[in-house]
Amino acid sequence: MKRNPKIGLLPLYLKLYDEVTPERRAEFLPFLDEVAKSLTGESLEVVRADICRVAPEFEAAVAMFKAERVDLIVTLHLAYSPSLEAVYPLCSTEIPILMLDTTMDESFGPDVDASRIMYNHGIHGVQDLACMLRRRGQSYRVVAGHYRNPRLIARAAQIARGALAARKLIGARALRIGPSFPGMGDFRVELGVLREHLDITVSDLPACGLKAAVLAVTEAEIRAEIELDRERYQVEADDAAHARSVRVGLGVRRLLTEGGYDAFSANFLAFDQAEGPVDTVPFLEACKAMSYGIGYAGEGDVLTACLVGALASSFGRTTFTEIFCPDWKGASLFLSHMGEINPEIMAGKPVLRTKAFPYTAAHDPVVVVGSPKPGPAVFVNLAPGPADRFGLIVAPVEILPEQPNPSMANSVRGWMRPRRAVPDFLEEFSRHGGTHHSALVFGDCLEGLLAFADFADFDCAVI
């Protein structure tokens with residue numbers, strides 16, 4: 001499920017000021033309180049450290065943040081603070097850092113009273129610390145502006161979501177049902193590489209390995225799930241096909257829950273039996289899983305499945321998708337897949353229909369069909385690259401309103417328009433080695449995704 005990021009708010013100050021004018025520290029507290037309240041207002045869980053001035057205080061604050069398992073440390077310079085007091089404790093942790101470069105007063109023009117310098121000079125402490133973090137190779141981001149500007153706090157929240165997504169991806173657990181699709185190479189990564197570079201662990205299971213979990217599903221559970229489906233979706237599927245898909249899907253859900261998996265991928269060719277409990281492809285459960293924040297990708301692609309899960313659990317409305325066809329004339333790209341889409345991103349009430357499945361002996365599955373909601377989104381691809389490094393490709397796009405087309409009624413369908421001309425976009429995407437499996441994240445989240453790339457140590461390209 002999507003959760004709110006937890007941040008550690010670290011106020012920085014100068015010990016000399018406490019020695020010379022100890023009464024002034026209290027004058028910064030309303031400023032600090034208001035910043036903390038604004039961050040909380042952006043759905044961030046804020047863990048506040050005491051005001052820190054010297055290395056032991058910073059060490060105690062960082063230790064507390066580690067114990068609280070914060071996703072991001074947010075620094076706030078109340079005044080100038082010498083970097084050598086803070087940099088070593090900050091570099092002792094893998095928690096990423098956001099420097100909030102702001103001041104108490106919005107206006108500081110030629111007519112300002114000189115006494116206000118004391119309350120607005122923390123920015124050169126930001127510069128001191130940023131330089132030292134960079135010199136030591138520590139990952140950090142900076143957002144600058146007045147703290148009462150909603151855009152500044154919204155940007156900070158996006159970066160916190162990027163930090164949470166990186167934490168969710170690194171160390172993810174994935175279940176792969178069936179082998180990777182024969183011959184597909186772009187998303188395939190050796191399990192040892194996934195473990196070494198992303199700490200992702202993968203459990204492989206043949207489709208028949210679902211048998212015990214599917215047999216454990218009760219008729220009462222099936223009936224209850226079908227009733228929920230009738231509330232959530234427009235059900236136009238055959239009753240028997242619907243029950244089959246729900247039974248197999250609940251078996252998959254049981255395995256995902258019991259195994260503590262963050263993501264799964266299923267190769268539809270592995271579901272090749274018409275007899276026995278595992279008699280259809282769990283496309284419907286793949287859709288539901290994404291709405292719960294569990295990652296999914298098709299054809300055995302656990303890499304993209306983990307990406308989808310990490311982004312869905314942090315940014316929310318995220319789906320697995322593929323670019324299927326170019327609309328050269330209409331300057332857009334057609335998005336689709338066999339029967340997998342996150343219902344949470346769809347326009348209107350999602351429709352459930354029985355889909356013809358001619359590829360194996362398995363029975364026809366029930367799938368979600370429809371189109372995504374129009375509006376801004378970001379197309380995201382995690383591409384394996386040379387020397388076992390990974391590259392993140394991010395592209396702000398516009399999802400276009402659907403035009404009625406009866407021939408598409410049984411399909412997952414959507415059209416996106418990138419900011420670049422379609423030929424230029426496709427050339428650039430493939431120059432960066434983009435795979436044919438991707439994620440689509442809805443909303444204005446580019447900055448958060450760039451932070452995600454930084455904090456996960458991905459090479460990043462924006463198209």
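The values are calculated or read from the model by the stated rules, or taken from the named source; none is laboratory data. Computed from a predicted model, the values in this text were never measured in an experiment. Heads up, the Cβs are rebuilt from the backbone with ideal geometry, glycines too, and the neighbour counts pull from every protein chain shown.
When Ala240 is tested against (1) out of contact with any Asp or Glu (no Cβ under 8 Å at 6 or more places or on another chain); (2) within 30 Å of Phe458 (Cβ to Cβ), exactly one condition is not met: (2). Only residues that are surrounded by fewer than 24 Cβ atoms within 10 Å (Cβ to Cβ) and either among the aromatic types (Phe, Trp, Tyr) or out of contact with any helix residue (DSSP H, G or I) (no Cβ under 6 Å at 6 or more places or on another chain) (or both) were counted in the range 454-463, giving 6. Within the bounds of the range 332-345, is there any residue that is without any contact (Cβ under 8 Å) to a residue 40 or more places away in the chain, surrounded by 15 or more Cβ atoms within 10 Å (Cβ to Cβ) and of a type in the set (Phe, Trp, Tyr)? Among the residues of the range 332-345, not one is without any contact (Cβ under 8 Å) to a residue 40 or more places away in the chain, surrounded by 15 or more Cβ atoms within 10 Å (Cβ to Cβ) and of a type in the set (Phe, Trp, Tyr), which makes the answer no.
A search for C-beta distances below 9 Å between a residue of the range 36-56 that is free of Cβ contacts under 8 Å to residues at least 60 places away in the same chain and any residue that is among the small types (Gly, Ala, Ser) and loosely packed, with under 15 Cβ neighbours inside 10 Å, counting only pairs 6+ apart in sequence or on different chains, returns Ala49/Ala60; Asp50/Ala60; Cys52/Ala60. Being over 25 Å from Ile170 (Cα atoms) and either of a type outside the set (Ser, Thr, Tyr) or surrounded by 12 or more Cβ atoms within 10 Å (Cβ to Cβ) (or both) is a description that does not apply to Met99.
How about the range 271-297: which of its residues are touching a residue at least 40 places away in the same chain (Cβ under 8 Å), buried (at least 24 other Cβ atoms within 10 Å of the Cβ) and of a type in the set (Gly, Ala, Ser)? Ala286, Gly295, Ala297, listed by residue number.
Look through the range 299-331, keep the residues that are in a strand (DSSP E or B) and in contact with a helix residue (DSSP H, G or I) (Cβ under 7 Å, 6 or more places away or on another chain), and return whichever of them is nearest to Ala356 (Cα to Cα).
Filtering the range 299-331 for residues that are in a strand (DSSP E or B) and in contact with a helix residue (DSSP H, G or I) (Cβ under 7 Å, 6 or more places away or on another chain), the one nearest to Ala356 (Cα to Cα) comes out as Phe320.
Somewhere in the range 59-77, is a residue in a helix (DSSP H, G or I), out of contact with any helix residue (DSSP H, G or I) (no Cβ under 8 Å at 6 or more places or on another chain) and of a type in the set (Phe, Trp, Tyr)? Scanning the range 59-77 turns up at least one residue that is in a helix (DSSP H, G or I), out of contact with any helix residue (DSSP H, G or I) (no Cβ under 8 Å at 6 or more places or on another chain) and of a type in the set (Phe, Trp, Tyr).
Return yes when Val252 is assigned by TED's automatic domain parsing to the domain that holds Phe320, in contact with a strand residue (DSSP E or B) (Cβ under 6 Å, 6 or more places away or on another chain) and either under 23 Å from Thr319 (Cα atoms) or outside any strand (DSSP E or B) (or both) and no when it is not. Criteria not met by Val252. Considering the range 189-205, the residues that are surrounded by 13 or more Cβ atoms within 10 Å (Cβ to Cβ) and in a loop (DSSP other than H, G, I, E, B) include one that is modelled with the highest pLDDT, namely Ile200.
Table: residues versus (1) in contact (Cβ under 8 Å) with a residue 60 or more places away in the chain; (2) over 22 Å from Ala297 (Cα atoms); (3) not assigned by TED's automatic domain parsing to the domain that holds Cys306.
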site	(1), (2), (3)
Val366	yes, no, no
Pro372	yes, no, no
Leu382	yes, no, no
Arg389	yes, no, no
Arg413	yes, no, no
Arg419	no, yes, no
Ser430	no, no, no
His437	yes, no, no
